[in-house]
1. Being buried (at least 17 other Cβ atoms within 10 Å of the Cβ) and either part of a loop (DSSP other than H, G, I, E, B) or outside the structural domain of residue 220 (by TED's automatic domain parsing) (or both) is the filter here, so list the residues in the range 241-282 that pass it.
2. Output the residue which, of all residues in the range 85-96 that are in a loop (DSSP other than H, G, I, E, B) and over 12 Å from the mean Cα position of the chain (by Cα), is surrounded by the most Cβ atoms within 10 Å (Cβ to Cβ).
3. Given the conditions (1) over 30 Å from residue 273 (Cα atoms); (2) outside the structural domain of residue 103 (by TED's automatic domain parsing); (3) in contact with a helix residue (DSSP H, G or I) (Cβ under 8 Å, 6 or more places away or on another chain), and given that residue 192 satisfies all but one, which numbered condition is not satisfied?
4. Are any residues in the range 108-142 in a helix (DSSP H, G or I) and surrounded by 15 or more Cβ atoms within 10 Å (Cβ to Cβ), and if so, which ones?
5. Can you name every residue in the range 83-136 that is touching a helix residue (DSSP H, G or I) at 6+ places or on another chain (Cβ under 9 Å) and on the phi > 0 side of the Ramachandran plot?
6. Restricting to the range 17-35, name every residue that is surrounded by 21 or more Cβ atoms within 10 Å (Cβ to Cβ) and touching a strand residue (DSSP E or B) at 6+ places or on another chain (Cβ under 7 Å).
7. Which pairs turn up if I take residues in the range 27-53 that are free of Cβ contacts under 8 Å to residues at least 40 places away in the same chain and not assigned by TED's automatic domain parsing to the domain that holds residue 7 and look for partners that are crowded, with 17+ Cβ neighbours inside 10 Å and in a helix (DSSP H, G or I) with beta carbon separation below 6 Å, at least 6 apart in sequence or on another chain?
8. Please work out which residue is farthest from residue 185 (Cα to Cα), limiting yourself to the range 285-296 and to residues that are in contact (Cβ under 8 Å) with a residue 40 or more places away in the chain and in a helix (DSSP H, G or I).
């Protein structure tokens, strides 16, 4: 397929690379132009603007940090929605608000374009390996049309609904669940360490019995060893997703007291100077509260 790709960050770069390797024709745009050099050497065209990346393509994929970045790239005069051909499909793979997903659905419909929400679960290493889990929602015909793209980027695609914002609700709720696992691991490791027990031994027992899922092994390993690098998902992005799930919950009239607690953990971590770290660094808040670490 002829594909435009906007957003070559730590996630998008791996995704775009896999699309090229699968034989798709890519036109790429990134605000920091130096990130496009590798893709030009791989045969991709480099666009100077989001609008240029969207012109003359069958599908446009966006993988951007937040609502503001996506709005800036897609909406308004001279942006990508203006040049995306009629009947082309925009696949938003970012973690964005439910509200913006609704706005994009309406805006593309008005332009006789199609829109899919297809956010992903997985860190940058999974993106590079084509092992993402993709959650797709939108018109069934368009999802079927784009399966060849999803297959190049992910190991499994979950089709969840005909209405695109449903995928965004699931993604935000999934990230909420991950954040509660991180918090519960942090509190548990703080207790184990304060009791003089090797945290890695504790984790070995838990992941070898009741909690064998990769999320417990991977995030648990980082927390048990207090090794929070390399940064796979920056703490401010986790904070952003937490705010978005709270906004979705407020609109739906659903109290989420655990999400409110996690919100304060993120806020405390950033107040303690951890804003450049991985989102697992909220564990340091528990460690410091238990007297195991001193704040920087």
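1. Listed by number, the residues that qualify are 256, 274, 277.
2. So the residue we want is 88.
3. Unmet for residue 192, out of (1) over 30 Å from residue 273 (Cα atoms); (2) outside the structural domain of residue 103 (by TED's automatic domain parsing); (3) in contact with a helix residue (DSSP H, G or I) (Cβ under 8 Å, 6 or more places away or on another chain): (1).
4. Step one: list which residues in the range 108-142 are in a helix (DSSP H, G or I), which gives 108-110, 124-128, 140-142.
Within the range 108-142, 108, 124, 126, 127, 128, 142 qualify.
5. 130
6. 19, 26, 27, 28, 29
7. none
8. Checked the range 285-296; the qualifying residue farthest from residue 185 (Cα to Cα) is 289.
The values are calculated or read from the model by the stated rules, or taken from the named source; none is laboratory data. Since the structure is predicted, the reported quantities are computational estimates derived from the model, not experimental observations. As a convention, Cβ positions derive from the backbone with ideal geometry for all residues, glycine included, and neighbour counts pool all protein chains shown.
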